[in-house]
Amino acid sequence: MKKTVVGFSSLAHDLQEKINKNFNLLLLNPKAGNLEAQFQEMLPQADGMIGSGRVLNESILQYAHKLKVISSISVGFDNYDVDYLTQRGIVLTNTPDVLTETTADLAFALLMATARRVPELDHWTKQGNWRKTVQPAQYAVDVHGKTLGIIGLGNIGAAMARRGCFGFNMNIVYYSQHAKPELEQQLGARRCSLNELLQQSDFVSLHVALNEQTHHLIGREQIAQMKKTAILINVARGQVIDEQALIDALQQQQILGAGLDVYTQEPLQISPLFAMGNVVTLPHVGSATIETRQAMNNLAFDNLYKVLNGQQSAYMVNPTVWPNI
Ligand code: 8YV
């Protein structure tokens, strides 16, 4: 008998087809309302779950009596209570690596767009304001040769650092739990304290996972350490920054600008950030390219398929569960 898989977010058509060929797919339907009732009905049958962008905790998973695996179509796993899953013997898998370069591309695009005021000047030009040669009011700031501070030198942080070093001759400093001697060698990167990084960087780019240690890692005190001319880039998770502190700092011109892809509340529909010319806001699109989303879907399917067929996946977030499942 085919195993049952519950899709907990909208899934691409070809992913649905692949799942349906191998398993019995039940898809949550947000338009039909009452998600809790839908979960309550579907989850007792679920052997596997697949999707992204939804908090799945004990209050929902209590209905999933025979669940073996949650395959998350994301690298981040802050939406899941990993300890609870481990206790329950449920494997959690994710999709790292395939999105590293694409996410770093976007982080660098945000850095460039904010520093060179691309969206702001695009809007200004289209509004018909270009009546004579641009004046200092339209000037931006240089990127090349500046100091790029990377907070969290994991895969995506390192890919961002490479772009800065090799593409723009930037000086790289980083703050990370672990020293990365190889990257220090390759990129001339220097490890330093968080305060030192904040004080010295022209661009501060966040690349840490969200957890108890990184929640509001960048708050009022940290922003106060930054240069007045510095720009903050965040493609990690919104909650790594105290968003109100950032808004206040931008309004008081304590820093020059911010390039943001992630927010405390998503989707974000109203925010003082939207009224600020020196802030570039994107709708959480770090991995959102056709190729990368396809690769993430393929990997998530592979993870799901393997675990439901008794094979280990290389991308288990809680591998200690394995012998017991
Ligand atoms: C997700 C992301 O795909 O992978 C992550 O952790 O943040 C994104 O790339 C996105 O959250 C999908 O909802």
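Quick notes on this structure:
- For the chain, the calculated P(r) over all alpha carbon pairs, in 10 Å bins from 0 to the bin holding the longest distance, is 6, 24, 29, 22, 14, 4, 1, 0 percent.
- Once the convex hull of all Cα atoms in region 100-281 is built, its volume per residue stands at 118 Å³.
- With a threshold of 20 Å on the Cα-Cα distance, the over-threshold entries among K2/K68; K180/K228; K2/K306 are K180/K228.
- Per-residue SASA entry for H178, accessible area with 1.4 Å probe, Å² rounded to 10: 120 Å²
- Listed residue (T214, V204, A115) projecting farthest to the positive dipole end of region 100-281, Cβ model: A115
- For the chain, the residue among A295, V173, L232 whose Cα projects farthest onto the positive side of the dipole built from Cβ charges is A295.
- Between region 231-279 and region 74-144, the Cα center-to-center distance that results, in Å: 12 Å
- For R191, the residues whose modelled amide H falls within less than 5 Å of its own, excluding neighbours fewer than 5 places apart on the same chain, are Y174.
- For region 24-183, size of Cβ-based charge dipole, Lys and Arg +1, Asp and Glu -1, in debye: 700 debye
- For chymotrypsin sites (Phe, Trp or Tyr not before Pro), the sites in region 64-167 that DSSP calls loop and that have at most 14 other Cβ atoms within 10 Å are W130, Y139.
- Given +1 at the Cβ of Lys and Arg, -1 at the Cβ of Asp and Glu and no other charges, the dipole of the chain around its Cα centre is 540 debye to the nearest 20.
- Using θ = phi - 60° and Karplus 6.51 cos²θ - 1.76 cosθ + 1.60, couplings along region 50-65 (whole Hz; Gly, Pro as x): 9, x, 7, x, 9, 6, 10, 10, 4, 4, 8, 6, 4, 7, 9, 6
- Taken as Cα centroids, region 1-27 and region 170-202 sit 43 Å apart, rounded to the nearest whole angstrom.
- For trypsin sites (Lys or Arg not before Pro), the sites in region 191-278 that DSSP calls loop and that have at most 13 other Cβ atoms within 10 Å are K228.
The values are calculated or read from the model by the stated rules, or taken from the named source; none is laboratory data. Treat the numbers as computed from the prediction; the structure is a model and nothing was measured. No Cβ is skipped: glycine too gets one built from the backbone with ideal geometry, and neighbour counts run over all protein chains shown. Accessible surface is based on the protein model in full, side chains and every heavy atom, while ligands, DNA and RNA are left aside. Shrake-Rupley method; radii C 1.70, N 1.55, O 1.52, S 1.80 Å.
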